[in-house]
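Throughout, read-outs are computed from the coordinates displayed, never taken from laboratory work. Please read these numbers as outputs of a predicted model, since none were measured by experiment. Here the Cβ positions follow ideal geometry from the backbone for every residue, glycine too, while neighbour counts run over all protein chains shown.
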Amino acid sequence: GRLLIVTTEKADIALSRASAYEAAVTRIEGIVLAIDIGDAASNDRALAAFGAAPRGAPRIGEAIRETKETKIAVRVDLDRADDVRIDTGAAYFDHMLEQIAAHGGISLTLACEGDTQVDLHHTIEDCALALGQALSAALGERRGIARYGFTLPMDEAEAKVSIDLGGRPYSVFEGAFAAPLIGQYPTEMTAHVFRSLAQSIGAAIHVAVKGENDHHKTEACFKAFARALRAAITVEGDAVPSTKGAIL
C-alpha cells in the first residue's frame, strides 16, 4: 500500500495517537514515521488520529424564533467566515455579535424585528437564545469537537472566558459596569446574553471581566467568548468528546 513518510519531533506522541485511533503508523528511525494511507479507511483513521478528520456534513445551523415581542431568523456556519450580516435594530448589539462572528471564525446572519420602541431587553435576550439554538443545531451530536475553550485577552479591559460544550447549561458572570447604558445598550444585558447562550447552546460559560471603560469591557467579553468558542468547536477527530459516548 501507499505510505506517507513524515518527520516529527513528537514521534512518541504521534505513535500514541495513532494507536488510539487504530491508525497504521510505524517508526522507521528516530523521528521518521511511516503512515499507511493505502486505502480510504486507513487514510481516514490517520486523518482522525492527527486531528484532520475528513470534512463531513457542513456544520450549519438555523433557528427561527417568534414571540409577541420579536421575530428572529439566524443562520450559522461553523466552518466558514465569509458571510456576516446582522441587523437586530440595536446598533451596538449588532457590533458585539459581529465580534462573535469575526473572532469566532464563523459565518453568522441574523435578522430581528423586535419591540425596540419599548426597550432592547426582549430583542437582546431573544437574539441570544436564537443564536444559541442555531449554534447547537450546527454542532449536532458534537462529534469530534475539542469541546473546551479558554481565552484570556489582555488590554486595558481584561476578560477571561471558559466554555464547555458538554450539553449542560450553566452560566457564571463576574464583573460590573459603572454606567447603565452604552448608547441605548443596557450594560446589565451583557451577563444576560451569556446566560441565554449557555441555556440554548447547552454549555457552561464562565465570564470574568474587569477594567475601567465599560465599552472596552463589554467588547472584551464578546471577543473573549468568540475566541473560546472558536477553540471549543475545532474538530480534532471523529469521537464524541465524552466518556459517556454521548453529550446530553
GluC sites (Glu not before Pro) in the range 131-189 lying in a DSSP loop, each with at most 14 other Cβ atoms within 10 Å of its Cβ, come to GLU141, GLU156, GLU188
Mean shadow of the range 3-49, computed from the convex hull of its alpha carbons, in nm²?
-> 2.7 nm²
Which value in nm describes the separation of the simple spin-label points at THR26 and HIS192, placed 7 Å from the Cα toward the beta carbon?
-> 6.4 nm
Grab the Cα-Cα distance for GLN117 and THR234, subtract it from 0.36 nm times how many residues apart they are, and report the gain in nm with one decimal.
-> 38.2 nm
How much length is gained on full extension from ILE5 to GLU174, taking 0.36 nm per residue of separation minus their Cα-Cα distance?
-> 55.9 nm
Just tell me the longest site-free run in the chain, where the sites are trypsin sites (Lys or Arg not before Pro) in a DSSP loop having at most 15 other beta-carbon atoms within 10 Å.
-> 81-243
Eligible aspartates and glutamates near LYS223 by straight Cα distance, threshold 15 Å, same-chain separation 8 or greater = ASP94, GLU98, ASP155, GLU156, GLU158, ASP214
Relative contact order of the range 1-46, defined on C-alpha pairs under 8 angstrom at six or more residues apart (%) = 45 percent
Of the GluC sites (Glu not before Pro) in the range 1-110, which ones lie in a loop per DSSP and count no more than 14 other C-beta atoms within 10 Å?
-> GLU9, GLU22
Among GLY167, GLY61, GLY183, whose mean-square fluctuation peaks in a Gaussian network model of the chain (Cα, cutoff 10 Å)?
-> GLY183
Taking every Cα atom in the range 68-149, find the radius of gyration and the maximum pairwise distance Dmax, and write them in Å.
-> 13.2, 44
With Rg and Dmax of the Cα atoms in Å defined as stated, name the option among [x] 19.0, 63; [y] 20.9, 71; [z] 19.9, 66 computed from the structure displayed.
-> [y]
Take every Cα pair under 8 Å in the chain that's 6+ residues apart, average their separations, divide by the length, and report that relative contact order as a whole percent.
-> 20 percent
Pseudo-spin-label distance ARG85 to GLU212, built 7 Å along Cα→Cβ, given in nm, is 4.1 nm
Stretch ASP155-ASP39 to full length: gain in nm at 0.36 nm per residue minus the Cα-Cα span?
-> 36.8 nm
